[in-house]
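Only one structure is covered here, and it is reproduced in the block below.
Just so you know, all these numbers are worked out from the coordinates, no wet-lab data involved. Values in this document were obtained by computation on a predicted structure and should not be read as measured data. As a convention, Cβ positions derive from the backbone with ideal geometry for all residues, glycine included, and neighbour counts pool all protein chains shown.
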Amino acid sequence: MASAPAKTIYIDEDVGKDDATATGSESSPYKSLVYAFLQHDPTTEGIQYLTRKSQTGPVGEGEDESVRLEWKPATKSAVKKATNLYEQRKKKAAKEQELAIREKQEAEKRRLVLEEAKKVVIKEDPSLPKPVRIRLDETDPAKIKLRTPDSDTPGTRVRVLGRVHRLRAQKDVIFITLTDGYGYLQCIFTGDLTKTYDAMTLTLETSIAIHGEMRAVPPKQHAPNDRELHADFFTVIGRAPGDKEAITNRVAPDADPQTLYDNRHLVLRGETASSVIKVRAAVLRAFRKTFEEHRMLEVTPPSMVQTQVEGGSTLFAFDYYGEKAYLTQSSQLYLETCLPSLGDVFCVCPSFRAEKSLTRRHLSEYTHVEAELDFITFSDLLDHLEDVICRVIDLTLAEPEIAGYIKKLNPDFKPPSRPFKRMKYSEAIEWLREHNIPNEEGNPHQFGDDIAEAAERKMTDMINQPIFLTHFPVEIKAFYMKKDPEDRRVTESVDVLMPGVGEIVGGSMRMDDWEELMGAYKKEGMNPDPYYWYTDQRKYGTSPHGGYGLGLERFLAWMCGRYTVRECCLYPRFTGRCTP
Ligand code: 4AD
């Protein structure tokens, strides 16, 4: 005779509960068998599990309600299924527990090690020579002597300040690549220096001062400038997080673009972003030097204006003490007013465009390099543009550090050969037709069509050299452009197109006849009143003159081989983004 069960556990699939409120008694059943197993070990001698079917749903015809509510021993298959699940969960729980214990032990071990490390205090040895403060790119051998592997002559003892850019800790040695915005220096910690609390908890981006001896790197090893600093003392100045807030988590290389734009301030600490910004500064230096060589004067026109230059559709408007004003689209009109008293002029100012489209070459705010030249012909303007572009490239590449960045960013970059290809708009239309590149409506290009970005880029990439695209039809160009005296359907205008980017410069000769300009305002439906100061140039000693505007970010995207202009400025502004 079977002995009476020592203990009975109740499971009701409908009203039972798999939580701490249930006890497994008949009045407080569990919901599932596996939960019951987890609470009451199924291997316990004499334990029995009674289950009953769910009460949910109406009682079927001819079905006896009392049968449905009857407690029955769990079926064999239900027990088998629950046992499997129970074993799996038990194993998982055991593993988790083991892991938690191990982690706790590790944490405790690390805590003790770090406690010990706090006792290791390093002091600067007063008998060592006073360190010389250097920036990390300094290499003057008169100031910084390197100890060579086979020499006893000590290297210069230096003090460097910067942030940990790379970090590799081995058993008794820590390798740090330090950066200070000027250069990179390999620093080596050994001995007690590696055993301090600060060294053991060092993280990327921590700011630090390091003192030590400069040595040449041993043969066959590599380090920036072939040298390394053997530290004898250091102090941490500002820590950086090493946990989930670590810089490598904030701006992981595979992060989505929006996260990278949100964290642009951290992205800028990377080598790629910072080298683009250094090239940008060098290109600006080169423009200024080139313009100076051409005896052109730098001026700074206002950004807040009440006139448009390149069409009303891309104006950013704002309230100016109750009057309507705009952020400037171009400083051209102001540059023109400078010619009589200042000679040829240029400016490097922000321009603003409320572009509706999100493309890789449009920004809402960009740096506009603009120039205006007096008493010239259209052909003079084109020659000048070619001179300036080539001189800027030469000057930029003449800086070895900058040439190095460009080589890294855009290994295939070659200065363009001269003369640049010159192509009339009408020839471009022919070329596009011959190469079956359709217009925006999908039809063959016609004279008068605006050459859209995609078609323009396709053509530039296929021709694969800089192009001066000239003589655009009057209808598709700005109101101020001078008509070609030989063909009044077209303007004396030029776009400079570069492979990979497309248009980087827009320029033209300017309408210099008062009456013609008044007619142009009228044709465009523009009120001439706010432009009186611009129109006056045609009244007080007019002259044949022209100029151009170059988008600095587009020039850089071309030179540095960047996919988008957004990578070529500090904090890009484009549709939907005005932060950080
Ligand atoms: O062709 P654009 O509109 O010409 C002018 O503004 C003339 N008023 C300039 C002048 O003659 N002084 O613009 C000139 C250049 C373009 O070729 C392009 O490189 C750049 O400015 N540009 C932009 N760059 C980035 N984002 C935008 N939204 C840009 N719009 C124009």
Extending each Cα 7 Å along its Cβ direction at A240 and T44, get the distance between those two points in nm, one decimal. 5.7 nm
Among residues other than D512 whose Cβ falls under 13 Å from its Cβ, what is the net charge (Lys/Arg +1, Asp/Glu -1)? -3
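Averaging over every viewing direction, what projected area does the convex hull of the Cα atoms of the range 226-283 cover, in nm²?
Numbers: hull surface 27.2 nm².
So the Cα hull casts an average projection of 6.8 nm².
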Report Rg/Rh for the range 520-580, rounded to two decimals, where Rg is the Cα radius of gyration and Rh the Kirkwood radius. 1.21
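Just the projected area, averaged over all directions, of the convex hull on the alpha carbon atoms of the range 271-568: how many nm²?
In nm², the orientation-averaged hull projection of the range 271-568 is 15.9.
How large is the Kirkwood hydrodynamic radius of the chain, in angstrom, based on all distinct alpha carbon pairs?
Numbers: mean 1/r = 0.0322 Å⁻¹.
Radius from the Kirkwood sum: 31.0 Å.
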D487-A454 FRET efficiency (beta carbon distance; Förster radius 22 Å; 0.05 resolution): 0.20
Here the FRET efficiency for L112 versus R135, based on Cβ atoms and R0 = 35 Å and rounded to 0.05, is 0.30
Rel. contact order, % - alpha carbon contacts under 8 angstrom, at least six apart, the chain: 9 percent
Quotient of Cα Rg and 2.2 N^0.38 Å for the range 258-303, N being how many residues it contains: 1.65
Where does the charge balance sit around P580 when Lys and Arg score +1, Asp and Glu -1, over other residues with C-beta under 15 Å from its C-beta? +4
Proximal lysines relative to K123, as straight alpha-carbon distance under 20 Å, when same-chain residues fewer than 8 apart are discounted: K195
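Which whole-number percent of Cα pairs in the range 368-507 have a distance greater than 26 Å?
Here the long-distance tail beyond 26 Å is 30 percent of all Cα pairs in the range 368-507.
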From the alpha carbon gyration tensor of the range 330-398, can you work out the equivalent ellipsoid semi-axes (sqrt of 5 times each eigenvalue) and give them in Å, largest to smallest? 24, 19, 12
Calculate the radius of gyration of the Cα atoms of the range 232-368 to one decimal place, then report Dmax, the largest Cα-Cα distance, as a whole number, both in Å. 20.9, 65
The summed charge of the G541 Cβ neighbourhood (under 15 Å; Lys/Arg +1, Asp/Glu -1) stands at -2
Convex hull volume per residue in cubic angstrom - Cα atoms of the range 190-241: 98 Å³
Dipole of the chain, Cα-centred, from +1 at each Lys and Arg C-beta and -1 at each Asp and Glu C-beta, to the nearest 20 debye? 2540 debye
Take peptides 519-528, 44-53, 340-349 and line them up by average Cβ neighbours within 10 Å, highest first, as a rough protection proxy. 340-349, 44-53, 519-528
Residue pairs, from the table K421/K482; K289/K483; K72/K95, whose Cα atoms sit over 27 Å apart: K289/K483; K72/K95
What lysines sit close enough to K145 to cross-link, taking a C-alpha to C-alpha distance under 16 Å and skipping anything fewer than 8 places away on the same chain? K130
Compactness index (Cα Rg / 2.2 N^0.38 Å), the range 132-245: 1.02
May I ask you to give the average projected area over all directions of the convex hull of the Cα atoms of the range 452-580, in nm² rounded to one decimal? 10.4 nm²
With each label point set 7 Å from Cα along the Cα-Cβ vector, what nm distance links F318 and L85? 6.4 nm
Points 7 angstrom from Cα along the Cβ direction at S28 and L358: gap in nanometres? 5.6 nm
